[in-house]
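Peer 1: Quick one: the structure is below, questions incoming.
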Amino acid sequence: MIRLSRKLPRKIAVAVSGGCDSMAALDFLRRSHDVVALHYNHGTPFSDNAENIVYEYCKEHSVDCRRSKNLHEPPRGASLENFWREARYNFFENSRKGLSVVTCHHLDDVAETWLFTAMNGNPHLIPAFRDCYIRPFLQTRKEVFEDWCDRKKVPYIEDPSNMDTRFMRNFIRHEIMPRALMVNPGIYKVLRKKLRAVC
């Protein structure tokens, strides 16, 4: 079951990529809140399909969908992850029109971030909020969102780049996390407890 770790404003914007996590969050939140979907098309071959899924879902359920598409090439030598993130958040800032923005970071993201920062000497948790951005699903596992989409017949699309371990986030997810769970199978429980202490 999807649960919120904090109360949200009645009207909110939801960052929606078209992936399982954010589509489940959008479907969950629209049932009890007045939601606006924010979708940024990064201009990759995959992105048009993701945008179509988000748009069609919003059209079917009468959700205001605000969209934009990247038309620029990243600077030579720039990190694609950082380039996409900066462009996406610039769009959010220009489109939210005073609303708080919910992002669907979840407990699996928390674990991956904690491992990455720990290995760089400064372990930290993803904060539950930052400025206008709210992350109310940090204590929920990714598998819960997958189950929601399956049960509620919510459409979504898997970004093939999520399997590309040249990106550090994916390398940690697919290579490091399975080994970390061998060392401590209860790592998600440990991190959930830490989140409850600070949220």
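Peer 1: With every protein chain left in place and a probe of 1.4 Å, what is the accessible surface of E143, to the nearest 10 Å²?
Peer 2: 110 Å²
Peer 1: Please give, to one decimal in nm, the separation of the simple spin-label points placed at K59 and K152, each 7 Å out from Cα toward the Cβ.
Peer 2: 2.1 nm
Peer 1: Determine the calculated [θ] at 222 nm for the chain from helices alone, applying -39500 (n - 2.57) to every DSSP H run no shorter than 4 residues and normalising by the residue count; nearest 500 deg cm²/dmol.
Peer 2: One gets -13500 deg cm²/dmol as the mean residue ellipticity at 222 nm.
Peer 1: Looking at the chain only, what percent of DSSP beta bridges run antiparallel? Nearest 5 please.
Peer 2: Beta bridges within the chain, antiparallel portion: roughly 10 percent.
Peer 1: Per residue, how much accessible surface does the chain expose to a 1.4 Å probe? Answer in Å², no decimals.
Peer 2: I get 56 Å² per residue for this part.
Peer 1: Using only alpha carbon pairs under 8 Å that are at least six residues apart, calculate the relative contact order of the chain and give it in whole percent.
Peer 2: Reported as a whole number, the value is 27 percent.
Peer 1: Taking the Cα centre of segment 92-144 as the origin and placing charges on Cβ (Lys, Arg +1; Asp, Glu -1), which of C132, N120, V110 is farthest toward the positive end of the dipole?
Peer 2: Towards the positive end, the residue furthest out is C132.
Peer 1: I'd like the carbon and sulfur percentage of the solvent accessible area for segment 1-122, probe radius 1.4 Å, heavy atoms only, ligands and nucleic acids excluded.
Peer 2: Taking all protein chains in place, segment 1-122 shows 46 percent carbon and sulfur surface.
Peer 1: With labels modelled as points extended 7 Å from the Cα through the Cβ direction, what inter-label distance (nm, one decimal) is found for V198 paired with K97?
Peer 2: 3.5 nm
Peer 1: Quick one: which of K142/K193; K59/K152; K11/K152; K69/K153 span more than 19 angstrom between C-alpha atoms?
Peer 2: Long pairs (Cα-Cα over 19 Å): K11/K152; K69/K153.
Peer 1: Rolling a 1.4 angstrom probe over the protein chains, ignoring ligands and nucleic acids, what is the accessible area of W114 in square angstrom, nearest 10?
Peer 2: The accessible area comes out at roughly 70 Å².
Peer 1: Rounded, prolate or oblate, given the Cα gyration tensor of segment 99-143, with a/c below 1.5 counting as rounded?
Peer 2: Cα axes put segment 99-143 in the oblate bin.
Peer 1: I'd like the accessible area for L181, computed on protein heavy atoms only with a 1.4 Å probe and all protein chains in place. Round to 10 Å², please.
Peer 2: Solvent-accessible area, nearest 10 Å²: 50 Å².
The values are calculated or read from the model by the stated rules, or taken from the named source; none is laboratory data. Values in this document were obtained by computation on a predicted structure and should not be read as measured data. In this analysis, Cβ positions are derived from the backbone assuming ideal geometry, glycine residues included, and neighbour counts consider all displayed protein chains. Side chains are part of the model used for accessible areas, which takes the heavy atoms of the whole protein and leaves out ligands, DNA and RNA. Shrake-Rupley method; radii C 1.70, N 1.55, O 1.52, S 1.80 Å.
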